[in-house]
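A.B. asks: Input: one structure, supplied below.
The values are calculated or read from the model by the stated rules, or taken from the named source; none is laboratory data. All values reported here derive from a predicted model rather than from experimental measurement. Cβ sites come from the backbone with ideal geometry, for glycine too, and all protein chains shown count toward neighbours.
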Amino acid sequence: MWVRSTLTYRASFVIMAVGNAAGSGLEFVTILLMFSHIDTLGGFGLPEVALLCGSSATALGLADLLLGNVERLGSRVRDGTLDILLVRPAPVYVQVAADRFALRRVGRLAQAMVVLGWALTRVQVDWTPGRVVLVAAMLLSGAAIFGAIFTLGAAFQFWAQDAAQVQNSFTYGGNAMLQYPPSVFAKDLVRGATFVVPLAFVNWLPALRLMGRDDPLGLPGWVDFMGPVVAAVMCGGAALAWRAGLRGYRSTGS
């Protein structure tokens, strides 16, 4: 319904999608401006940083397109309109994710994929079928991890009722961090992004493996391939948190 509504005014949709792509593209423009004055950043050249930027933004773009609207749950809890979704013969989670579905977000995804495609053609990698699979797994696992964080943030809003910005600090804020090499950050921050909120599995660890670089924490090599496992664990935890929040929902009381 929301897609049909959006495409009714196609010129407006194109303008919004292009604007969305241009807005997110400013992040990469910042990196380009930075490299106009330097040759490397933390030991990484422009194609390598572009690979990190494009892979992280693509993963977030996929998750944001499909699940980004779950952050609206807090407003529905506050005004009681979540009750409407509870009486419909469809999963509440699907309804919340599809509510006001913003197809214009495909612009962000397209821009990220352009950066990623350019980086993959410029970065020095000896391509094999295994490395191609690693790139695909990195993007899908990264999208699943971001999606799990979106869901965890939404589940928390059953109690907090307004925690969208806390969630955004780990999704959009995490994306901003993952666009840069881990070598420019303090090791304590890298450890937190690996073992506490495992954002490093979105792109840092698999991308370092792809580029033949060592991770700053000196972890065993097999850890670089754990993205799908971490994504599955996070999605399972997010599903349990969502179920607990939904079961504990008591409406507004009015």
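A.B. asks: Pick out the one residue from 126, 99 that is touching a helix residue (DSSP H, G or I) at 6+ places or on another chain (Cβ under 8 Å) and of a type in the set (Asp, Glu).
C.D. replies: Step by step, each of 126, 99 is checked, and only 99 is touching a helix residue (DSSP H, G or I) at 6+ places or on another chain (Cβ under 8 Å) and of a type in the set (Asp, Glu).
A.B. asks: In this structure, does residue 83 turn out to be modelled with pLDDT under 90 and out of contact with any Leu (no Cβ under 9 Å at 6 or more places or on another chain)?
C.D. replies: yes
A.B. asks: So residue 59 passes all but one of these: (1) touching a residue at least 12 places away in the same chain (Cβ under 8 Å); (2) surrounded by fewer than 22 Cβ atoms within 10 Å (Cβ to Cβ). Which condition number does it fail?
C.D. replies: Every condition holds for residue 59 apart from (2).
So that you can scan it fast, the table gives a plain yes or no per residue for (1) modelled with pLDDT of 95 or more; (2) exposed (fewer than 12 other Cβ atoms within 10 Å of the Cβ); (3) among the acidic types (Asp, Glu):
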site	(1), (2), (3)
217	no, no, no
222	no, yes, no
233	yes, no, no
237	yes, no, no
242	no, no, no
245	no, no, no
248	no, yes, no
251	no, yes, no
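A.B. asks: Does any residue in the stretch 20-47 that is at negative phi come within less than 6 Å, Cβ to Cβ, of a residue that is not in a helix (DSSP H, G or I) six or more places away or on a different chain, and which pairs are these?
C.D. replies: Final answer for the pair search is 44/181; 47/123.
Here is a yes/no grid of residues against (1) of a type outside the set (Lys, Arg); (2) over 30 Å from residue 182 (Cα atoms):
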{"site": "30", "(1), (2)": "yes, no"}
{"site": "42", "(1), (2)": "yes, no"}
{"site": "56", "(1), (2)": "yes, no"}
{"site": "59", "(1), (2)": "yes, no"}
{"site": "70", "(1), (2)": "yes, no"}
{"site": "76", "(1), (2)": "no, yes"}
{"site": "81", "(1), (2)": "yes, yes"}
{"site": "86", "(1), (2)": "yes, yes"}
{"site": "91", "(1), (2)": "yes, yes"}
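A.B. asks: Shifting gears a bit: Which one of these does residue 20 not meet: (1) at pLDDT 90 or above; (2) within 20 Å of the chain's Cα centre (by Cα)?
C.D. replies: Status for residue 20: all satisfied but (1).
A.B. asks: All but one of (1) more than 13 Å from the chain's Cα centre (by Cα); (2) over 16 Å from residue 2 (Cα atoms) hold for residue 60, so report the exception by its number.
C.D. replies: All conditions pass for residue 60, except number (1).
A.B. asks: On the basis of being in contact with a strand residue (DSSP E or B) (Cβ under 7 Å, 6 or more places away or on another chain) and either within 26 Å of residue 160 (Cβ to Cβ) or part of a helix (DSSP H, G or I) (or both), does residue 49 make the cut?
C.D. replies: yes
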